[in-house]
Amino acid sequence: MAVGKSAIGQQLALQLGVPFVDTDAVIVAGHGSIADIFAGRGENAFREIEARTVAAVVEAADGTVTVISLGGGAVLDSGTQQLISRCTVVYLECDAQTVAGRIARNSGRPLLAGDAMGRWTAMFATRKPVYKRLADITLDVRHGSVSELGGRLEAALRDYAAAKQEVEK
């Protein structure tokens, strides 16, 4: 949460000349704001919508090169984990100090109501092992502009694809 998934994803898609899909934006377009879903129906309902949305987006992109940004909690769903195992998964690694300013500027994050940094830190501590386990590539996003990070990610993806191709020979 707040590490730059949407911005870096859009940048990467632009560099590669491929489609970009943000699953949170798809949810908002089809169901209303995430804050309203949480307030009116609860987190469990949101997670169900999120899992169905991720599945639909990944299936629609099957066989293509598409950059897909998932919400920070999406990968906690076991079905989503299985689904994205067919994809190249990138973990954008960050820390509390880096995201603090972003979180302070965006009060529309329902999971961060109240003590935003305390909640972020607790969520990150439980999610980080999952992110690391699922990731094919880890990109440190603590330093650099969006375009620099997009360039570093593109290079990392090229290196990953070449290494994977070499292993498959």
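The values are calculated or read from the model by the stated rules, or taken from the named source; none is laboratory data. Since we're looking at a predicted model, the values are computed, not measured. Using ideal geometry, Cβ is built from the backbone for each residue, glycine included, and neighbour counts are taken over all protein chains shown. The accessibility values were calculated without ligands, DNA or RNA, using every heavy atom of the protein model including side chains. Shrake-Rupley method; radii C 1.70, N 1.55, O 1.52, S 1.80 Å.
Under 6 Å between Cβ atoms, which residue pairs at least 6 apart in sequence (or on different chains) link something in segment 46-63 that is in a helix (DSSP H, G or I) with a partner that is among the polar types (S, T, N, Q)?
Close Cβ pairs (under 6 Å, with a partner that is among the polar types (S, T, N, Q)) amount to ALA51/THR80; THR53/THR23; VAL54/THR23; VAL54/THR80; VAL57/THR23.
For segment 59-80, which positions are of a type in the set (A, V, I, L, M) and open to solvent by 10 Å² or more (accessible area, probe 1.4 Å)?
Scanning segment 59-80 gives ALA60, ALA61, VAL65, VAL67, ILE68, LEU70, VAL75, LEU76.
Consider ALA25 against the criteria (1) surrounded by 16 or more Cβ atoms within 10 Å (Cβ to Cβ); (2) more than 23 Å from THR126 (Cβ to Cβ): it satisfies all of them except one. Which criterion is unmet?
The failed condition is (1).
Can you work out which of the residues in segment 25-36 that are under 27 Å from ALA100 (Cβ atoms) and at pLDDT 95 or above is farthest from the chain's Cα centre (by Cα)?
Among residues in segment 25-36 that are under 27 Å from ALA100 (Cβ atoms) and at pLDDT 95 or above, the one farthest from the chain's Cα centre (by Cα) is VAL28.
Kindly provide the set of residues from segment 2-22 that are within 21 Å of ALA116 (Cβ to Cβ) and open to solvent by less than 40 Å² (accessible area, probe 1.4 Å), ordered by number.
Those that are within 21 Å of ALA116 (Cβ to Cβ) and open to solvent by less than 40 Å² (accessible area, probe 1.4 Å): ALA2, VAL3, GLY4.
Tell me, which residue of segment 46-56 that is of a type outside the set (Phe, Trp, Tyr) and open to solvent by less than 20 Å² (accessible area, probe 1.4 Å) is nearest to THR88 (Cα to Cα)?
VAL54
Helices (runs of 4 or more DSSP H) wholly in segment 81-169 with at least 2 residues that are at pLDDT below 80 - which ones?
In segment 81-169, the matching helices (runs of 4 or more DSSP H) lie at 96-105, 116-134.
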